[in-house]
1. Restricting attention to segment 248-267, which residues are touching a Phe, Trp or Tyr at 6+ places or on another chain (Cβ under 7 Å) and surrounded by 17 or more Cβ atoms within 10 Å (Cβ to Cβ)?
2. Could you please let me know if Glu93 is open to solvent by 60 Å² or more (accessible area, probe 1.4 Å), without any contact (Cβ under 8 Å) to a residue 12 or more places away in the chain and either more than 18 Å from Leu120 (Cα to Cα) or of a type outside the set (Val, Ile, Thr) (or both)?
3. Of all the residues that make up segment 70-92, how many are part of a helix (DSSP H, G or I) and of a type outside the set (Phe, Trp, Tyr)?
4. Could you say which residue among Lys196, Lys244 is among the charged types (D, E, K, R), part of a strand (DSSP E or B) and either surrounded by 13 or more Cβ atoms within 10 Å (Cβ to Cβ) or modelled with pLDDT of 95 or more (or both)?
5. Can you list the strands (runs of 3 or more DSSP E) lying wholly within segment 1-54 that have 1 or more residues being of a type in the set (Asp, Glu) and open to solvent by 10 Å² or more (accessible area, probe 1.4 Å)?
6. Every residue in segment 262-284 that is closer than 15 Å to Cys234 by Cβ and hydrophobic (A, V, I, L, M, F, W, C), please.
7. Please work out which residue is surrounded by the most Cβ atoms within 10 Å (Cβ to Cβ), limiting yourself to segment 200-241 and to residues that are hydrophobic (A, V, I, L, M, F, W, C), in contact with a Lys or Arg (Cβ under 7 Å, 6 or more places away or on another chain) and assigned to a loop (DSSP other than H, G, I, E, B).
Amino acid sequence: MNYIVFDLEWNQSPGGKKYANRHLPFEIIEIGAVKLNEQKEITDSFHRLIKPQVYNWIHDSIHEVIHVDYKDLADGTLFPQAIREFFQWCGEEWCFFTWGNQDVMELQRNMKYYGLLDLLSGPVTYYDVQKLYSIRYEDRKTRRALEYAVNELKIEKGSDFHRALADAYYTAAVLKKIEDPYIWPNSSLDVYQNPKTKKEEIHVSYPTYDKYVSREFTAREKVMKDREVTSTRCPVCHCNAKRKIRWFSSNMKNYYSVSACQEHGLVKGKIRVRKTEEEKYYVIKTIKLITNEEAEEIQHKRESLRRKKQRKRRSEKKV
C-alpha cells in the first residue's frame, strides 16, 4: 500500500466571482505529492505545473500567496495529461493523505470538468492530516495551519510554504509524527461523488460519532420527510434513541435535534443539506453523545429561534 500525501494549488477568476466559471470556480495550477511506504518512509515524489485553460491570469491574492504567475505556467502540463500521470505514479494500491478537507474535492471537480472523473471512484475515503494532528495533539476540534504544526513539532524547514510539493513534504513530516492508532480509525469521507440511490447510502461509525450520507432527493422539501434521514440511533449501541428536541433549523441547511438513549445518555443529531451541481439534494448526518450542558445549549438555541419567529409574525401582522 502506498501512502500518497498530496497538495494542490489553484487559481480563481481574476475578475472575481461574477466572472467565474460555475463548473470550475478553482482551477488547479500545481500538483505536488510524495509517496510513502507503510513504514512512513518517503520513496518518491511527483510535481507538475498545470497550464491554465479557464482563467488566463493569476488572481492577485493567489499570486501573493504562492508567487506564481501566468508566465511560470505557460510551459506547464495540461491538466488531463497531468492527472493521468499522477494516478499512474500513485500505483495500484494507495490511499490519500492531505492537509485539510478541500484538496480531494477540488481534485474531483477539476477531473469532472475534463470528463475524467472515472479515474477516481467515489465517495473517496482519505486521511486529513490536519484533523489527525488535532486528534493526536489537541482537542479534536481545532484546525491549525500547516506551518503551525510544523513549528510545534519542531520539524526542520527548508522550503517556503504554499507551494504544492513543499507542502506535501511538510504534511508527510507531520504524518510521521502521528502514531497509527490515531490515524486508521479516523478516516475522512469526501462525498463530492455523493450516493445516488438508496443502495448506495453510506453509514460509517467513527470512534466518537456516526455518519450517514443519504441518496439524492429531487426537492429540498422531500429531504426532512424521509424516515432514515430523520432517524436517530445511539452511536454506541445503535439502538433507536427517543427524541427530546425535535429537528429544527434556522436556515434550511443545518438541522439539529437531541435524543436520549436509555443506556448511553443524550445524543445530538446534526443534518447538513447539500445541493449538487445538478440541482438535487442529499444530506450528511452526524450523531454523537453529548453532555447535559450541550443539550441545554441546543434547547436555548431552539427557544431563541422560536421567539425570533414569533416576533417576526407579530411584526408582519401589524403591517
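The values are calculated or read from the model by the stated rules, or taken from the named source; none is laboratory data. Note that this is a predicted model, so its numbers are computed, not measured. Every residue, glycine among them, receives a Cβ derived from its backbone with ideal geometry; neighbour counts consider all protein chains shown. Just the protein is used for accessible areas: all its heavy atoms, side chains included, with ligands, DNA and RNA removed. Shrake-Rupley method; radii C 1.70, N 1.55, O 1.52, S 1.80 Å.
1. Listed by number, the residues that qualify are Tyr255, Tyr256, Ser257.
2. It is false that Glu93 is open to solvent by 60 Å² or more (accessible area, probe 1.4 Å), without any contact (Cβ under 8 Å) to a residue 12 or more places away in the chain and either more than 18 Å from Leu120 (Cα to Cα) or of a type outside the set (Val, Ile, Thr) (or both).
3. 11
4. Selected residue: Lys244, the only one of Lys196, Lys244 that is among the charged types (D, E, K, R), part of a strand (DSSP E or B) and either surrounded by 13 or more Cβ atoms within 10 Å (Cβ to Cβ) or modelled with pLDDT of 95 or more (or both).
5. 2-11, 42-49
6. Correct list: Leu266, Val267.
7. Looking at the filtered set, the residue picked out is Ala241.
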